[in-house]
Amino acid sequence: MSGRIEGLGERPVVTITFGGRQLAAFEGDTVAMALWADAQVALRQSSRNGAPRGVFCNMGICYECLVIVDGVTVRGCTTLVRDGMVVERGGKP
Amino acid sequence: MNARILEADVGVVGAGPGGMAAARRLAAAGLQVVVLDEGQRAGGQIFRQLPVGASGHDRIAEPPSHEHGHRLIEHFERAGMDRRHGASVWDARPGRLWFEQGGESWLLRCQKIVLAPGAYDRVVPFPGWTLPGVMTAGALQVMVRGFGVVPGRRALVVGSGPLLLPTVASLVSAGVQVVAALEASSRWRALRALPAVIGNGARRREALWYAKKLLLAGVRLRWGWTVFGCEGDGRVQRAVIGKVDRAGRPRRDTARAIDVDVVGAGFGLVPSVELGLHLGCASRHDAARGGHHLVVDDAQRTSVAGVFAAGEICGIGGAEVAMAEGELAAAAVLHELRGAPIDAALRRAVAAERRAADAMLAAFAPMPGLHELASPDTIVCRCEDVTAQRARAAAALHGSSLRAVKMGCRAGMGPCQARICGPSLQAIANARPDEVMDRPIVQVPLKVVRSETIVDAPRD
Ligand SMILES: Cc1cc2nc3c(=O)[nH]c(=O)nc-3n(C[C@H](O)[C@H](O)[C@H](O)COP(=O)(O)OP(=O)(O)OC[C@H]3O[C@@H](n4cnc5c(N)ncnc54)[C@H](O)[C@@H]3O)c2cc1C
Ligand code: FES
């Protein structure tokens, strides 16, 4: 489904938590890309029947990738992962 | 209160080809330059780099013509200047740029501003386009070329214009099976781009490189086709595709379903004009150049003194245009600050690149019939969850201008500030076109930043 292209060099591994589950990411990943590589495609719920939304523009303009990091709502596609980061699904922008 | 204030001769927004070309030239002439870019690495959209530590770009779909782009990155990174990545510019005045970097609030005071913020994908709403897994063609490219992440197993690429080719190439390089690649323009309409491609050595080589890449991967570009809708449980699993007529109207009798797990849609690009409009720069609407773009004179000066612009913000034209305009903008800044004459060759280069780009893009001007893809309950504004039906009702009730539609149903009033729905809202709501009233509404903060950033922002 998803995953990483192989043979692109080594980057330090970090661990983040999403929805209570731990997963490994690479330093330099955005939250959205770390989650996508782990097959987590639903990042926020829209106000309309809670429909799932995910990465749409991947360049910081659409706000579909909103997640909550340390209690603050941020764009998953512009926020870099940090070791020990706790990420939750976002809501309405 | 964390007031962080920087002083420089010139502030450049954007480290894509336009911004890099300008900044490098300005720094080489000895000016103090600060470059602000939201991305983590230099290169902009086209020459996007993998994160620090990763390498192997040659394997991720870069045509040979990108080599000079990477040379530009090298020169840019060697030149003496203050390059700031992860820096989002959220407010501006002539001579002042406010930005957030690393969660901190900064102000750059400078004599001149060069705007090179690029463009973003134009997307046309269709049923199911809000499902996870459906994204812009650009988003797929960023995923593959910017992060080395595999988007899925079976991809559908739809849209219109030259950028479908690099999107397909990226997917192929990532090992994704491209089940269908659909160009909405007819082959005959696209033929109008041919002279511009054949007549330009670099463009011709690039087109051939992509053609070979697609051929080897067994991907055939289908002309006059597009996506009618996407379906799936929690993420995209199927797409319905079919033919469109010459205006882009779906021919429902040709519909057929295919299984896919990722969809990239890109119907051209829209200039990122917000900063320029906020600064008060004059703009013009030109469909073939992507819609509203800043108006510049023959030295990349906007209508606001001390503010220059280069690249896609002056109308979609591609990387060659951006680089030529960046060079010219720098020369104009040097003229104003140092009295240096502007080399006429730079002006000629810009004019020639613009002519070639205009000729090519005319063949892919937005097709109005594509707005019929949206059904009444298709969400048009993704931020506020406004459906096509509600947008139409607002147009009927509140007067038919686009601004009235926005006020009436909140479409386009969410945090993306209509960057996504703006280009199609008017057509879908049947709003009356109005050159002045249709200018995008821009609000500070231009990029969503922490509230502390705004509160702590150094005043002047
Ligand atoms: C997703 C995408 C993929 C593309 N891929 C290709 C391709 O493969 N081949 C091709 O020929 N063309 C491609 N293009 C077309 C591309 O627009 C041009 O070829 C070229 O990159 C334009 O150069 P530019 O300098 O005008 O802007 P860009 O290269 O877009 O650079 C603009 C930079 O400004 C930054 N920026 C914008 N606003 C702000 C702000 N407020 N604060 C701080 N920084 C900001 C952005 O982060 C970006 O790095 C692509 C465009 C997009 C949108
Ligand atoms: S995916 Fe659009 S802002 Fe993150």
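The values are calculated or read from the model by the stated rules, or taken from the named source; none is laboratory data. Nothing here was measured: the structure is a model prediction, and the numbers come from that model. Cβ atoms come from the backbone with ideal geometry, glycine included; neighbour counts cover every protein chain shown. What goes into the accessible areas is simple: the full protein's heavy atoms, side chains included, and nothing from ligands, DNA or RNA. Shrake-Rupley method; radii C 1.70, N 1.55, O 1.52, S 1.80 Å.
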Discussion item. What does the extension gain come out to for B:A247 and B:L216, with contour length at 0.36 nm per residue minus their alpha carbon separation?
Written reply: 8.0 nm
Worksheet item: Zone of B:H398 (label point 7 Å along Cα→Cβ, backbone N under 20 Å): which residues in the stretch A:45-74?
Response: A:47-48
Worksheet item: So what are the three principal axis dimensions of chain B from its Cα atoms, in whole Å, longest to shortest?
Response: 65, 53, 40
Item to complete: Working from the alpha-carbon coordinates of the protein assembly as shown, get Rg over Rh, Rh being the Kirkwood radius.
Response: 0.94
Worksheet item: Per residue, how much space in cubic angstrom lies within the convex hull of the C-alpha atoms of the stretch A:13-89?
Response: 82 Å³
Item to complete: Provide the per-residue ³J(HN,Hα) series for the stretch B:277-289, in order, calculated from phi with Karplus coefficients 6.51, -1.76, 1.60 and θ = phi - 60°, each as a whole number of Hz, with x at glycine and proline positions.
Response: 5, 4, 6, x, 6, 5, 10, 9, 9, 9, 4, 5, 9
Worksheet entry | Area hidden from solvent between A and B (accessible, protein heavy atoms only, 1.4 Å, total, Å²) | 3900 Å²
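May I ask you to give the average projected area over all directions of the convex hull of the Cα atoms of the stretch B:374-460, in nm² rounded to one decimal? Let's see the in-between values first.
Details: hull surface 25.7 nm².
The orientation-averaged projected area of the Cα hull of the stretch B:374-460 comes to 6.4 nm².
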Fill in: Solvent-accessible area, 1.4 Å probe, carbon plus sulfur percent, for the stretch B:374-460
55 percent
Practice prompt. Evaluate the charge dipole of the stretch A:13-89 about its Cα centre and quote only its size in Debye, nearest 20, assuming +1 on the Cβ of each Lys and Arg and -1 on the Cβ of each Asp and Glu.
Written response: 340 debye
Worksheet item: Normalised by the number of residues in chain B, what is the relative contact order in percent for Cα pairs under 8 Å and 6+ residues apart?
Response: 18 percent
Worksheet, complete the sentence: Carbon/sulfur accessible area of the stretch B:302-346, % of total, 1.4 Å probe, equals 57 percent
Worksheet item: Hey, what D do you get for the stretch B:305-347 in µm²/s if you plug the Kirkwood alpha-carbon radius into Stokes-Einstein at 25 °C and 0.890 mPa s?
Response: 229 µm²/s
Discussion item. I need the Debye-formula profile for the stretch B:125-266: one equal scatterer per C-alpha, no solvent, reported as log10 I(q)/I(0) at q = 0.12, 0.14, 0.22 1/Å, two decimals.
Written reply: -0.46, -0.63, -1.40
Worksheet item: To the nearest Å, what is the center-to-center distance of the stretch A:27-45 and the stretch B:279-310, using C-alpha atoms only?
Response: 36 Å
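For the stretch A:13-89, what % of the accessible area comes from carbon and sulfur atoms, probe 1.4 Å? Don't skip to the end; give the middle numbers.
Working: 1370 of 2810 Å².
Accessible surface attributable to carbon and sulfur in the stretch A:13-89 totals 49 percent.
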Worksheet item: Which of B:W225, B:A15, B:L171 sits farthest toward the positive end of the charge dipole of chain B, with +1 on the Cβ of Lys and Arg and -1 on the Cβ of Asp and Glu?
Response: B:W225
Worksheet item: What figure in square angstrom, to the nearest 10, would you give for the accessible area of A:T79 with a 1.4 Å probe?
Response: 30 Å²
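Once you keep just the Cα pairs under 8 angstrom separated by 6 or more residues, what percentage relative contact order results for the stretch B:125-266?
Over the stretch B:125-266, the number comes to 34 percent.
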Worksheet, complete the sentence: Once amide hydrogens are built 1.01 Å from N within the peptide plane, the residues lying 5 or more places from B:A54 or on another chain with amide H under 5 Å from its amide H are none
Worksheet item: How large is ³J(HN,Hα), in whole Hz, for each residue of the stretch A:38-46 in order, when computed from phi with the Karplus curve 6.51 cos²θ - 1.76 cosθ + 1.60 and θ = phi - 60°, using x for Gly and Pro?
Response: 9, 6, 9, 9, 8, 9, 9, 10, 7
Worksheet entry | Heavy-atom surface of the stretch B:202-247, accessible at 1.4 Å and reported per residue (Å²) | 55 Å²
Worksheet item: For B:V262, which sequence-distant residues (separation of 5 or more, or a different chain) have an amide H within less than 5 Å of its own amide H, given hydrogens modelled in the peptide plane?
Response: B:R154, B:L156
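Using only alpha carbon pairs under 8 Å that are at least six residues apart, calculate the relative contact order of the stretch B:374-460 and give it in whole percent.
Details: 119 pairs, mean separation 22.5, N = 87.
Normalised by residue count, the contact order of the stretch B:374-460 is 26 percent.
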Worksheet entry | Size of charge dipole - chain B - debye, nearest 20, with Cβ of Lys, Arg +1 and Asp, Glu -1, no other charges | 1120 debye
Worksheet, complete the sentence: Interchain or sequence-distant (5+) residues whose placed amide H lies within less than 5 Å of the amide H of B:A119 are B:S272
Worksheet item: In the stretch A:1-16, what residues drop by 20 Å² or more in accessible surface going from the chain by itself to the full protein assembly, probe 1.4 Å?
Response: A:M1, A:G3, A:R4, A:I5, A:G7, A:L8, A:R11
